[in-house]
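Some notes on the structure that comes next.
Read-outs: derived from the displayed coordinates by stated rules, not from any lab. Note that this is a predicted model, so its numbers are computed, not measured. Note that each Cβ is placed from the backbone with ideal geometry, even for glycine, and that neighbours are counted across all protein chains shown.
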């Protein structure tokens, strides 16, 4: 395997993602690699057409989610830059798996590091596995890191 120069870490800011970030940081330090930290905003609110709620409410909710995610991402990047890592935050929007796979390809990542929540059975069936889709669809090697607990 060639030297790892670019690593994409996808985060949802959960404890599972935190553990995967630690692994991505270790790889980045060992290889003097650039680290991209991506967070995907998944539009999950359907705008009901027969609702009495003002549609601007939904726009405001999305705007607040974006602000919050951007703030968390910027804090993560700042914290990592203090440890002399080359790191860049990337805020994406759409299907989490699709956007992460695309970002890995577009950023010419040598590897993608993601956390898994370890869901099994009915939870996995109902919620699906973003990590599983990324592993299946990515042309870039993917390292999955099981979350604590």
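Numbers at a glance
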read-out: Length released on extending from residue 137 to residue 70, taking residue separation times 0.36 nm less the Cα-Cα span; value: 21.5 nm
read-out: Cβ crowding within 10 Å averaged over residues, with 34-42, 13-21 ranked highest first; value: 34-42, 13-21
read-out: Order of 133, 82 - criterion: other Cβ atoms within 10 Å of each residue's Cβ, fewest first; value: 82, 133
read-out: Sequence of 11, 56, 116 once ranked by neighbouring C-beta atoms within 10 Å, starting from the fewest; value: 56, 116, 11
